[in-house]
Amino acid sequence: MVPDALRRAVPNLRFPRCAVALRDKLFQSTFSKLFVYNILWEDSEVDERYLGVDEHAAVLSITGAGCTVAGMLSRRPVCIDAVDINPHHLALTALKVNAATRSPTYHEFYDLFGRGWSPDPEMTVPRLAEGLPDWMQRYWRRHWARFATTMLHKGLTARMLHLLRREVGVDGPWLRDVIRLPAEERRRAVDARIAPVLAKPHFKAFLKSPIQLVSLGINFQQRDRLVEAEGLEMVDYFVEHIKRVASTDLATNWFGWYVVAGHYDHDNPDAVPPYLRRDRFERSRGAPTAVRYHKRNLFDVLSQAGPGTWSHYTLCDAPDWLPAEAQKRLLAEILRTSRDGAIVLARSVEGACMVERTGMDRHFRRLDEVSDAATAEDRSRQYRRVNFYRVAH
Ligand SMILES: C[S@@+](CC[C@H](N)C(=O)[O-])C[C@H]1O[C@@H](n2cnc3c(N)ncnc32)[C@H](O)[C@@H]1O
């Protein structure tokens with residue numbers, strides 16, 4: 001990654017590929033040790049709408065914080081292989097999965113993950129972790145106290161957003177006022193209230209810093225793709241991003257609530273990720289789905305699987321973290337391990353398409369109608385493309 005001043009002076013300058021690869025290795029090693037997110041920054045309602053998981057499905061999923069994986073349980077697939085290199089995210093996913101299938105009441109479940117809180121976390125959290133791999137049970141015996149105040153304020157991203165909210169002075173009541181405005185006025189409200197704070201030198205420097213990239217889950221490879229696609233510096237990208245979120249149906253946009261208010265809108269049952277809604281909870285309880293957890297690199301899990309293993313692959317935006325040659329290896333491994341007609345879901349910050357770039361378009365057909373609708377509907381507004389591909393052998 002070229003420093004910004006140098007990039008402006010010599011626009012086509014690049015560090016050698018090995019230097020970029022080294023920075024991304026360091027990034028991955030740092031990222032995988034930190035508790036970064038407590039929610040998935042992808043619109044899991046869109047995933048649920050278009051993915052087509054059903055009772056015959058076998059899913060391989062990168063979890064992030066697990067909202068999409070937990071949401072799949074209401075579709076009762078045969079199995080889910082949940083993968084993440086980050087043990088904090090995988091353990092949180094597993095707790096969401098166990099809570100969705102085993103919580104005695106919706107009330108307890110919603111308190112835990114809708115409010116991030118439990119009246120008795122020391123008992124409740126380890127109880128819900130029972131039956132999980134040993135390392136996860138140990139993890140939750142150590143970390144149950146996250147739910148003593150609110151888990152939704154824990155983790156690097158939540159802490160960064162807390163700082164931002166404090167500096168900007170926004171909260172739930174401000175958001176309710178903004179929601180009532182037409183979209184153009186909402187964008188102006190962001191310009192008036194949030195943009196000037198982000199433009200302050202210390203915030204600009206913070207937004208460019210590597211720790212900030214970690215808190216946003218953007219590695220150097222992805223940041224290059226993002227800056228190239230948007231033609232903006234990180235700070236301008238961030239303001240544009242908030243304006244894009246402000247232009248969505250804010251009343252149901254749980255990302256907007258989480259960022260601005262620091263909590264979900266508990267008055268609107270549709271303003272939370274689907275797995276948290278009562279009807280999904282009722283369908284998920286007692287789901288027969290076998291969920292296996294892999295605290296490993298996706299490539300390791302793929303390499304140990306045989307042909308015809310999975311019908312659905314959900315990759316988050318992890319392919320954006322990979323250089324083109326690794327994207328090609330990933331697609332080749334998916335081709336080898338997939339059932340005919342399998343569906344692959346991947347988000348990207350760039351307009352270019354990885355299957356075309358890697359020459360794999362003969363085997364991965366982008367479902368244009370569905371992908372374009374999903375891209376338009378994803379309320380996280382972080383991705384230029386939400387791509388669904390169908391695999392053809
Ligand atoms: C790609 S990150 C980016 C943020 C993501 N859009 C979200 O909403 O969470 C999502 C997750 O992918 C995981 N991840 C990235 N590359 C991976 C890989 N090769 N194998 C397994 N997990 C990976 C990270 O640890 C993280 O938890």
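No lab work stands behind these numbers, since they all come straight from the coordinates. If you're wondering where the values come from, they're calculated on a predicted model, not measured in any experiment. Virtual Cβ from ideal backbone geometry, glycine too; neighbours counted across all protein chains shown.
Things to note:
- Over 24 Å between alpha carbons, listed pairs LYS208/LYS243; LYS33/LYS328; LYS25/LYS295; LYS154/LYS200; LYS96/LYS204: LYS33/LYS328; LYS154/LYS200; LYS96/LYS204
- Residue-wise HN-Hα coupling along the stretch 270-275, computed from phi with Karplus coefficients 6.51, -1.76, 1.60 (Hz; x: Gly, Pro): 8, 9, 9, x, x, 4
- Packing here is the average count of other Cβ atoms within 10 Å per residue, and on that basis the peptides 343-349, 232-238, highest first, run 343-349, 232-238.
- Residues HIS393 and CYS79, FRET efficiency given R0 of 35 Å [Cβ-Cβ distance, rounded to 0.05]: 0.95
- Stokes-Einstein D (µm²/s) once Rh is taken as the Kirkwood radius of the stretch 347-390 over alpha-carbon pairs, at 20 °C in 1.002 mPa s: 201
- Per residue, the convex hull spanned by the alpha carbons of the chain comes to 135 Å³.
- For PHE364, nonlocal amide neighbours, meaning residues 5 or more places apart or on other chains whose placed amide H falls under 5 Å from its own, are ALA392.
- Using only Cα coordinates, the Kirkwood hydrodynamic radius of the stretch 156-260 works out to 14.3 Å.
- For ASP43, the residues whose amide H sits under 5 Å from its own are ARG379, SER380, ignoring neighbours fewer than 5 places away on the same chain, with H placed 1.01 Å from N.
- The stretch 20-115: GluC sites (Glu not before Pro) falling in loop per DSSP and having at most 16 other Cβ within 10 Å: GLU55
- Taken one residue at a time, the phi angles of the stretch 251-265 give Karplus couplings (6.51, -1.76, 1.60, θ = phi - 60°) of 4, 10, 8, 5, 5, x, 4, 4, 6, 7, 9, x, 7, 7, 8 Hz. Gly and Pro are set to x.
- Across the stretch 303-320, rounded Karplus estimates of 3J(HN,Hα) from the backbone phi angles (6.51 cos²θ - 1.76 cosθ + 1.60, θ = phi - 60°) give 5, 9, 9, x, x, x, 6, 10, 9, 9, 10, 10, 10, 6, 9, 4, x, 5 Hz, Gly and Pro being marked x.
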